Amino acid sequence: MIHIKRRLYTCKAALCLVLLLGVFAQTWAAAEQNTDYRMSTASNGDVDIAYRVVGDPKAEPILIIMGLSASHRVWNSQLIAGLVEGGYRVVLLDNRDVGESSKMEKKGRLWLGWQLLKYRIGLRVKSPYALSDMAVDAVAVLDALGIERAHVIGASMGGMIGQIVAYDFPQRTQSLVSIMSTTWAPHLPQPGKAQQDGISEMNESSEEQAADLQKLGFYPSALPNQVAAI
């Protein structure tokens with residue numbers, strides 16, 4: 001699997017978290033292959049968000065949000081087990097366009113290339129949805145579970161979503177951990193050409209490569225919509 005990931009990607013930054021989180025996926029995906037588990041769904045309008053809960057239903061909740069093009073299966077099983085052993089209930093969700101959640105209007109490679117070009121020259125990028133919509137998706141999961149407040153953990157794009165949850169829904173947020181993410185504050189570095197080229201490479205994966213990635217919990221088909229949302 002390491003060979004596959006090295007062959008497919010050259011991206012190095014938080015927006016392209018595949019190389020870093022791909023290692024996480026190995027343990028979780030292998031453990032899940034022979035496990036019969038059911039996903040539940042929460043609705044945000046006409047969007048269904050798939051989620052599952054690990055741990056004591058009465059324990060203090062943690063909402064954990066994965067990043068760009070990645071489903072909840074990318075989280076390392078040992079990390080989830082450690083949180084549960086620490087006395088928490090872990091709520092894992094699949095963002096829209098990945099995993100078992102609703103798939104939105106599909107955009108293609110040329111569309112993403114055009115949006116990235118507009119971004120590079122300072123023009124407004126269009127997207128079928130925004131990160132704020134994905135934050136509401138996450139809150140809809142809390143609503144479905146009757147959770148008033150939760151600790152929120154997010155990685156990369158998931159960290160961005162978690163920041164919006166904390167800002168727009170402070171009454172629902174017990175604490176926030178934002179991993180290898182950004183606030184887009186002006187003094188922070190912007191994605192460079194290498195990162196944008198890496199995203200483009202992943203977007204150009206063949207059907208065979210996309211199928212291999214999906215086995216690891218990654219969904220290249222989500223890239224155009226989610227990159228534009230970022």
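Since every read-out is calculated from the coordinates, none of them should be taken as a lab result. From a predicted model like this one, the values you see are computed outputs, not experimental measurements. Every residue, glycine among them, receives a Cβ derived from its backbone with ideal geometry; neighbour counts consider all protein chains shown.
Some points to look at:
- FRET E, pair Asp197, Glu105, Förster distance 22 Å, beta-carbon r, rounded to 0.05: 0.30
- Taken along its principal axes, the alpha carbon cloud of segment 82-210 reaches lengths of 45, 39, 27 Å, longest axis first.
- Net length gained if the chain between Gln209 and Trp114 were fully extended (0.36 nm per residue, minus Cα distance): 31.9 nm
- Restricting the chymotrypsin sites (Phe, Trp or Tyr not before Pro) of segment 147-230 to loop positions (DSSP other than H, G, I, E, B) with no more than 15 neighbouring Cβ atoms within 10 Å leaves Trp184.
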